[in-house]
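Okay, structure first, notes after.
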Amino acid sequence: MQPDLRPGTARPLAYLLAVGAGIAIAALSWGFLLDAKPMLYQPDLFWPFLFFGLCGSLLGWRIAMRHDNHPLRNLVGLLGSLVAWRVSYFPFMVVGAGKPAWASGSHSTRSESASSTPPFCSSCSPSMPVSASSARPRWRRRGRQDRTRARCCFFRKLFHKPPRKALWALACVALPVAGMVSFSTARDFVLFNDGPDPYMAEVPISEPQINPYARIMDEHDLAPAPWVLAVNAAVTYPLVPHTPWGDAMAGTLEKLALANPVATTRDRIDEHYQAWIASHARIRDPDAGKTK
């Protein structure tokens, strides 16, 4: 039997998934190149975050809009995906820091090899539902059995068929939180809140002692948006595992956060870069930065 290549089949999705797999492999390979470097500089991390994050966002847009050729709806979906990527940039950047640390194991060091892959994969997540909200639902009219199977597809109904209840519920919960994390102060309301800084100051490795963000919330009267930023940081901070790299990352972040308790989102982004750069030495030497 000849394969069905009419519009609406799985072939376009297979092509897009193959492109996504290729980009993910490229991100992983770039991370291994970062592993081999004796020292890291901030642009070494910024450009992969930016490039692979945008790739994930655009791929999510194309997957969601693959059955809709309407120019205006595609433009709305593209703009919505870029807005979702901007709003979720810092939260997924933090997630990207934690995932590789969990994979490092208790007796090994953390590898930078996954530092670009999580932002790429995670950026697909907000882009797909945002784009799907503007796409025209497509139901294949071939036979009664196919129509019944399509109507019974629970997740497709929730996310793609109007009134798209799951998308609205997700937006009502996630967007305000992500927005307050990414725009915690008036100075964060810029088109893009990150950039290359080859002269970023280096900081020494510190060992973790306490949860700094919980202390900041106890000792300072924060406005709602900075408070949400601190709460998210306080919740995710204990999730960093106790590995050589994880301890260096957490301890360095702790020292930087306590030195600047009332900070902008951009300050917290730069602190993560400084902690990544400092803890990179633990890849080759698990005892790097420890006092004798």
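A few notes on this one:
- Among the candidates ARG266, ARG282, ARG215, the residue that is of a type outside the set (Val, Ile, Thr) and in contact with a Phe, Trp or Tyr (Cβ under 6 Å, 6 or more places away or on another chain) is uniquely ARG282.
- For segment 202-223, a residue qualifies if it is assigned to a helix (DSSP H, G or I) and either within 15 Å of ALA275 (Cβ to Cβ) or in contact with a Lys or Arg (Cβ under 9 Å, 6 or more places away or on another chain) (or both), and the qualifying residues are PRO212, TYR213.
- Odd one out for SER184 among (1) outside any loop (DSSP other than H, G, I, E, B); (2) under 15 Å from VAL262 (Cβ atoms); (3) among the hydroxyl-bearing types (Ser, Thr, Tyr); (4) under 18 Å from the mean Cα position of the chain (by Cα): (1)
- Out of LEU50, LEU54, LEU59, sole residue that is crowded, with 22+ Cβ neighbours inside 10 Å, at pLDDT 85 or above, within 15 Å of the chain's Cα centre (by Cα) and assigned to a helix (DSSP H, G or I): LEU59
- Restricted to helices (runs of 4 or more DSSP H) entirely inside segment 224-292, those with at least 1 residues that are within 17 Å of the chain's Cα centre (by Cα) and either under 24 Å from PHE192 (Cα atoms) or modelled with pLDDT under 90 (or both) are 224-236, 265-279.
- For segment 82-90, the criterion of a residue being of a type in the set (Lys, Arg), closer than 30 Å to PRO226 by Cα and modelled with pLDDT under 85 is satisfied by no position.
- Contact annotation: residue pairs with Cβ atoms under 7 Å, 6 or more positions apart or on different chains, pairing a residue in segment 194-208 that is over 19 Å from HIS242 (Cβ atoms) with a partner that is part of a loop (DSSP other than H, G, I, E, B) and modelled with pLDDT under 95, are PRO198/TYR41; PRO204/GLY289.
- Single residue of segment 236-292 satisfying the filter (among the β-branched types (Val, Ile, Thr) and surrounded by fewer than 16 Cβ atoms within 10 Å (Cβ to Cβ)) that is nearest to PRO224 (Cα to Cα): VAL262
The values are calculated or read from the model by the stated rules, or taken from the named source; none is laboratory data. Because the structure is a prediction, the values reported are computed rather than measured. Counting neighbours? That spans all protein chains shown, and the Cβs are built from the backbone with ideal geometry, glycine included.
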